[in-house]
Structure formats: C-alpha cells, structure tokens
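The values are calculated or read from the model by the stated rules, or taken from the named source; none is laboratory data. This one's a predicted model, so the numbers in the text were calculated from it and none came from an experiment. Cβ placement follows ideal geometry from the backbone for every residue including glycine, while neighbour counts extend to all protein chains displayed. Calculation scope for accessible area: heavy atoms of the full protein, side chains included, ligands and nucleic acids excluded. Shrake-Rupley method; radii C 1.70, N 1.55, O 1.52, S 1.80 Å.
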Amino acid sequence: MIWVSRIFVLILFFIPAAFSMLGAFLGSPSSSGTGALADLFSNYTMGAAVLTLKVGWVSTALAILLTGMALGWFRLAKSRSQHSWWTTGALGTLISIPHLSLATGLLLLVGDSGWLVRVLGSLFPGREYAFQLDHDVGAWTLSLFLGMKESLFLIYVGLPLVDSVGASRKIVNSLGRSNWTSWWWVEWPQVLHGLRYAIWAVLGYSICVVDVAVVLGPTNPPVFALVLWDWIKDPGESTQALVSGGALMLLALVALGVFGWEGALWSLGRFKSWLLSKGKIGKRPLPLSPMLLFILFTLILSVVALVLWVFGDSWTIDQPIPPAWTLEFAREGVSSMRGTLIQTLGLAVSSALASIATVLLWIEFDSRAHTKIATTAVFLMLVFPALIAVIGLDSMLSRVGIYHPSIAVFLGHMLFVFPYVFLVLQQAFHQVDPRLALVAASLGKSKTVFLLKIRVPLLKGSIAAAFAVGFAVSVSQFLPTIMLGGGDWTTLATETVASLSSGNRRWVAVYGLANAMLPAAVFLFCSLFSQRPEGSTCR
Amino acid sequence: MPMILKNISIASPLRILVQIERLTIANGEVLGVLGPSGSGKSSLLSYCAGVLDPKFSASGEIWIGKDDETRIRLDKQSPQERKLGLMFQDDLLFPNMSVGENLLFGMQGHEPRATRLHRVREMLKKADLEGYVDRRPTSLSGGQRSRVSLLRTLLSNPRALLLDEPFAKLDPLLRLEFRAFVFQCVRDQELPCLLVTHEMTDLPAESKRITVGLLSDSKDILR
C-alpha cells in the first residue's frame, strides 16, 4: 500500500511540479536566436514590467491592510461565536467564486456603459459618463480589485492564526495601552509573520495573473503577464525563445516583488522601532468598518451586476435597472454551454477527488518525515507563479514526448488543486487522536481498514470541505486549461475570457455568472456536511 | 499610593469564591493571596485588573491613593486606564519586538527620545541585563525573560503590581534570585503589591496574607 500511495503522489503531483519548475528554468525545447533579446527588453515590455510590479505591490499592500483591519475586528469583537458562522460561510462562498467571475461582474458594474454609468445617467441626465478600463493607464482598477479579492483569502488563512497569538492583551492593557494598540503593535505583527508565505502567494498571483488582467487591465502597455501571454499565443518559431525568456523575466519580477516586499517590511520594523523610542504609539483604531463594508458591498454588487445582465431585458443606457426580465438568455446560455459545463465539471470533480484520495492514502501510509518534506514542496508550489508553472509543465511534457491534451490538462489542474486539498486535509488529519490508530492496530485491524472504517468517517466534514476547495480551484483555472488543453478543452473560465472578445455583454454575464455559481453552489452544498460529526474523538 | 479593596465579592456560577470586607495594601507592601488551584485567587487579580471573564459575577470597590481627597476609584475604569501592572507566570514578552522595544512599548509620558532610551538602558543595567537592548526575547534564558517582563511593567509607571504566580515556572535557584529582585523593586518603587501563589515560601516573611476558597462554605480568612 505504501508504494501505491507513493507512486500516486509522485505521478500526480511531484513529478509534474518538478517538471514545471525545471521547465521554467530550462526554457522551451527550441531555444534559438538572440534576436528575441531586443524584443524582450524593448521599451514596451519594460513599461509593462514596471506596471506589473506596481500592480503587485499596490494590490498586496491593500490586501494586507484590509486583512489587518478585518482580523483585528474579529479579534476584538466581544462575542466571536456570533460572527463565526456568518464569517466562514460568507467568506468561504466569496472566496470560492473565481477571480475571473468577480472581475467580469466588476467590469459590468463600473466599466464602459456599465451599471454605475446607467444609474448615474438616470439620476443626472444630460451628461456623458464614460469609464474605459483599458485606458486606466495606472492599472488602478486591476490593483484595487486584486487587493479586495485577495484580502478575503488572507483573512481566511489568518483567522486560525489570530487565535494562536501569544502575549495576552491583559498585559498590554495593564501597561496602559488600548485594545487597538495591542492589536496593531503586538498581535497583528505576529499574525503577519504567520501569513508570510500566503502573502508571497498573493504577490505571485497578482504579478502573474492573466485572466483578470484581460478583463480589468489596461492595454497600452498591459501588465507583463499579458505581454507574455501574447507571445505564447503566437505560434511562430522565433517567439519560442521569447516565451522562455519572458517566463524567466516574469520569475524575476516575482522575485523582485517578494524582495521589495520583504524590504518594505524591514523598513517598517525600523520605523516602528523609531516610533517606540519617540513614544509615539497611536491610540486610535484605523477607520475600518466603512471600508470593509464598501469592499464587501462592491464584490456583492459585482455578482448582482452579472445577474442583471443575464436576466434583464431591453435595458437601455438611461435606465438604472432593466425594465423587464427574461429567462431566454439564461436558457439559451445553458443549452449552448452544455459541452463546456460537462468538461468543467469533469475536470473539477476528477482533480478534486484524485487529490483527496491521493492525500489521504499518502498521509496515512507514508512516514511523518516524508509528509514534512511534502509540506514544504506544497508550499513552494503555492508560491510558485501559475503562469510559469504551466509554461514549464508544457515544455517538459512535450520534451519528454508524452503529450496528450487530456493528460496534460488533468496534470495541470492537479498541480493547483493538490496543494490546497493537501493543506485542508492535513490539518484535519492531525486533529484525529493518533492513539485511535494504535487501538485499531492492537485490535488486529490493518491500516487500510482503519483508513476506510475510522479515518474517512471521522474526516467526513473535512473531506467535504477539501472537495469544495479543490473544486473551486479547478473551476478557476484558466491558464492550465487553455495552454495544456491545446484547444480540445473548453471550461467556463476559458469561455468567459473568450466571450470578452465578442464584446457582447450578455454573453460575458452568462458565462461569468455560471462560472461563479458552480463553485459557490458546490461550496454551500459541501458546507452542509462540514459540521463536526457527533461523538468523534477529535481533539 | 496605598491600594484599598472594599466589599469585594466574586462568584462563579457554582459558588462564591472570594469575599473581602476591607483590605489595605500599603506602599512597598506585599499582600499574599494563597489558596489551592481553582479557589479564585487569580479571579481576584483579574477583577482588580478589570479583565475578569464575564462568566464570573463580581462586585466591590478598588481604590488607590494616599488620602480621602486624592483617592481614585478604579473598578469602574477600563483596564488600560487603571494602570495596574499585571504579571503572569509566563513572561509574555512580545515575541515580535526586541527587549528594548518591549520596554519602550510600555513606557508612558512624552520625554524626548534620548531620555527614553537612557531610562531603558538604566533599567536593564539595574537588572544585570546591560547590552541586551537589541536582543530578541526568544534568545534570553527563563530568568532573564522574567526580569525583562518585570522591568517592562515597572517602566509603565503602574500604581500597583498584580503578580499571578510569577515564580511558578522558574527553577529553585532562579526563583530565589528573581523573588529577591521583585521584592527589592517593590520596596524601591514603593508600590502596593498583590501576589497570588500557592506556596507560602513565595512570600516575604513579614507580609500580610489572605487565603481564598479553603473552607467548605468558601468564606475567607483574614489573618
């Protein structure tokens, strides 16, 4: 059994992960021509690179600020139990909605002749309102959106950390300092330390994101990932070298981003030390509730905007809401996307289930030491930028010569689903009393029997949660699907991006909404199972 | 400034834990609160500091000050306004700050930067910790950490000290040493001090002591 489980993880995760990293560094098979260098370092790409770093830093800084406020609020809230259902439920659902869907929703909300324009136009007629996001040269919309959406992820990761913070607030109070001072000076820095790798992941994501940048980003210059994406789509021989050079450059941007962030953090530490020595320790909390509510509101309105465009009928630009409603477009959409839906579901279900089975088998049978190494590898994969991983996997698979679109797409999805499923399950796994396994063994039961009869039933809730997470991660994958699938695979994510170029808002909304609803529904359904089973010996 | 506890009563949902009619702790005096675990010793301390778990019901007055005119009533104030230095058996140094930053964090007042830094260095010197300003708390020994945490409390200019089994986690030799250091500081700074412990030997020989939760009807003995 132990070998079966090891071979499983190796084939499904570690070899592809190693491939993708190796491939990213080695470059593509036909690296040729140095003429690419000129293109690689042109003014255009340099402008894109600078813009990318700005997007990465602005969005990450915003996400961290929001996370600090929200977590401080949770920490200081008197009765946390009241919030807990609400927060994990609402937060989880919003997180499970792919970036791409929320971004299309936001586009329909604030974009050219979007909802906001229509509301303003009907309130104050006679003026022209135009918001053209592709002329947003500073990429502010993109940065703000990424900051908002990523803050949800950081809050989710940070919530359990908040409870484990050392040094109690009683002490701070007895030193004559307020609760908020305690949060910002003592508790939050510790949480921030625990969030370090999650923050790297957020930075990497913001710097490498393609699908959201297509929706909300500027076009001249676009962010660097889009420049690279254009090169990838161009099948010419000469661009091969450009692609591998670009992948390396993107990797360098991520490294620079992380480096800059760590530097900023260090300077902040110096600055705080100086403030302490001056005795300038603030008393006031930052104004948080309005800002947090604004963000929640914006994200929810983005989803509503999708709904309006799917079900609204004959909506003209001077009307704040659609005058009539229809099911026609939804029906038409569903019938035309049947094939896409099946492929999306197939990929998501298979990669989530395969990840769950692999993780369970592997943690159960392999030694603790091995799983420790694996945790590091998994974290590395979370931080490693997706675009580069996919380029690497692509080039390695074709180099080895086992290229088949279905296998490639499946492995590509596993690359991203597996780490998240691993994280969810691993935590729950160690909450089951380890002595139970000893008792079962002393009763003459094999490990397999223990896994199936005791462990899986005990972990039912967590397995449901892991499935929801894995499903959502797979549904949100745009790059692995389109790059590795070689055009054979269409999912809701790829179709949403494709619908953007059609310029038809209604199609954008139909695909965006479907792409949002599918993982959210699965998440809500799974959360019904996520309650802790009665009578379990969970510590 | 002496501290006065008046008509204090603390009860858990099950029983009365502490009842005190009137008790004065003079400057530089240590009042020992003795009793077995679960007797409500720490609850008394938490009540004084204003951080008692709301599942307990508690009432009573806490006053601090020399005479009737200048006396301040603390039990209606928020924990940070009371300025009672609280210490636990764990040193609870802030792990994200250096030793010096820990001390600076608690320091009140608006003196210039140089003065503040100087006071920190002086304090560290007094505790045989010269040159430890930039060290991380994790790199200190248990005894050193305890001393830093006491210094941090003292630098915040507390009106009184509330010590919750401050010696419990130290080994016998360190315990002796740190105990002497604490009582020296209490005398030097003329602070009233409430010390919770379950070991008689943790208290100075001459100190007043009360016992909580020993009798079946949970009445306190005032000796």
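The table for this structure:
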{"read-out": "Segment A:162-197 - residue that is closer than 24 Å to A:V258 by Cβ and free of Cβ contacts under 8 Å to residues at least 60 places away in the same chain and, of those, farthest from the other protein chains (Cβ to nearest Cβ)", "value": "A:R196"}
{"read-out": "When residues of segment B:128-142 are limited to those that are surrounded by fewer than 18 Cβ atoms within 10 Å (Cβ to Cβ) and under 19 Å from B:V182 (Cα atoms), the one farthest from the other protein chains (Cβ to nearest Cβ)", "value": "B:D128"}
{"read-out": "Answer residue from segment B:45-62, given it is within 14 Å of chain A (Cβ to nearest Cβ) and touching a strand residue (DSSP E or B) at 6+ places or on another chain (Cβ under 7 Å) and is farthest from A:N173 (Cα to Cα) among those", "value": "B:I62"}
{"read-out": "Leading residue by the ranking (farthest from the chain's Cα centre (by Cα)) among those in segment B:75-99 that are in contact (Cβ under 8 Å) with a residue 60 or more places away in the chain and in a loop (DSSP other than H, G, I, E, B)", "value": "B:D90"}
{"read-out": "Segment A:470-505: number of residues that are in a helix (DSSP H, G or I), open to solvent by 40 Å² or more (accessible area, probe 1.4 Å) and farther than 19 Å from A:A213 by Cα", "value": "0"}
{"read-out": "Pairs with Cβ under 6 Å, 6+ apart, first in segment A:108-121 and of a type in the set (A, V, I, L, M, F, W, C), second not in a helix (DSSP H, G or I)", "value": "A:L108/A:G114; A:V110/A:F131; A:V117/A:Y129; A:V119/A:P320; A:L120/A:Y129"}
{"read-out": "Residue in segment B:15-29 that is without any contact (Cβ under 8 Å) to a residue 24 or more places away in the chain, at the interface with chain A (Cβ under 10 Å from one of its Cβ atoms) and either buried (at least 18 other Cβ atoms within 10 Å of the Cβ) or over 27 Å from B:G142 (Cα atoms) (or both) present", "value": "no"}
{"read-out": "Qualifying residue in segment A:459-466 (condition: over 24 Å from A:V378 (Cα atoms) and touching a residue at least 60 places away in the same chain (Cβ under 8 Å))", "value": "no"}
{"read-out": "Flag if A:W185 is among the aromatic types (F, W, Y), open to solvent by 10 Å² or more (accessible area, probe 1.4 Å), touching a Leu at 6+ places or on another chain (Cβ under 9 Å) and within 30 Å of B:L155 (Cβ to Cβ)", "value": "yes"}
{"read-out": "Boolean, A:Y205 is within 24 Å of the chain's Cα centre (by Cα), of a type in the set (S, T, Y) and buried (at least 20 other Cβ atoms within 10 Å of the Cβ)", "value": "yes"}
{"read-out": "Answer residue from segment B:179-223, given it is surrounded by 13 or more Cβ atoms within 10 Å (Cβ to Cβ) and among the hydroxyl-bearing types (S, T, Y) and is modelled with the highest pLDDT among those", "value": "B:T197"}
{"read-out": "Hits in segment B:63-77 - residues which are within 13 Å of another protein chain (Cβ to nearest Cβ) and either on the phi > 0 side of the Ramachandran plot or open to solvent by 40 Å² or more (accessible area, probe 1.4 Å) (or both)", "value": "B:Q77"}
{"read-out": "Failed condition for A:L154, given (1) within 14 Å of chain B (Cβ to nearest Cβ); (2) open to solvent by less than 20 Å² (accessible area, probe 1.4 Å)", "value": "(1)"}
{"read-out": "Only listed residue being under 30 Å from B:R22 (Cα atoms) and not in a loop (DSSP other than H, G, I, E, B), chosen from B:R187, B:R175", "value": "B:R187"}
{"read-out": "Any hit, segment B:155-175, residues being more than 27 Å from A:E187 (Cα to Cα) and in contact with a helix residue (DSSP H, G or I) (Cβ under 7 Å, 6 or more places away or on another chain)", "value": "yes"}
{"read-out": "Scope segment B:88-125; condition among the aliphatic types (A, V, I, L, M) and either within 8 Å of another protein chain (Cβ to nearest Cβ) or under 14 Å from A:W185 (Cβ atoms) (or both); matching residues", "value": "B:L92, B:L93, B:M97, B:L103, B:L104, B:M107, B:L117"}
{"read-out": "Filtered residues of segment B:147-165 (kept if open to solvent by 10 Å² or more (accessible area, probe 1.4 Å) and assigned to a helix (DSSP H, G or I))", "value": "B:R147"}
{"read-out": "Members of segment B:43-62 that are polar (S, T, N, Q) and surrounded by fewer than 20 Cβ atoms within 10 Å (Cβ to Cβ)", "value": "B:S57, B:S59"}
{"read-out": "Selected residue (only one of A:L438, A:L452 is out of contact with any Phe, Trp or Tyr (no Cβ under 6 Å at 6 or more places or on another chain), open to solvent by 60 Å² or more (accessible area, probe 1.4 Å), under 17 Å from A:A354 (Cα atoms) and part of a helix (DSSP H, G or I))", "value": "A:L452"}
{"read-out": "Conditions (1) at pLDDT below 90; (2) away from chain B (no Cβ under 14 Å); (3) assigned to a helix (DSSP H, G or I); (4) open to solvent by 20 Å² or more (accessible area, probe 1.4 Å): number failed by A:E262", "value": "(1)"}
{"read-out": "Residue check for B:Q89: modelled with pLDDT under 85 and open to solvent by 60 Å² or more (accessible area, probe 1.4 Å)", "value": "yes"}
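Matching residues to (1) of a type in the set (A, V, I, L, M); (2) open to solvent by 20 Å² or more (accessible area, probe 1.4 Å); (3) within 14 Å of A:L425 (Cα to Cα):
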residue: A:S351; (1), (2), (3): no, no, no
residue: A:D366; (1), (2), (3): no, no, no
residue: A:T371; (1), (2), (3): no, no, yes
residue: A:A389; (1), (2), (3): yes, no, no
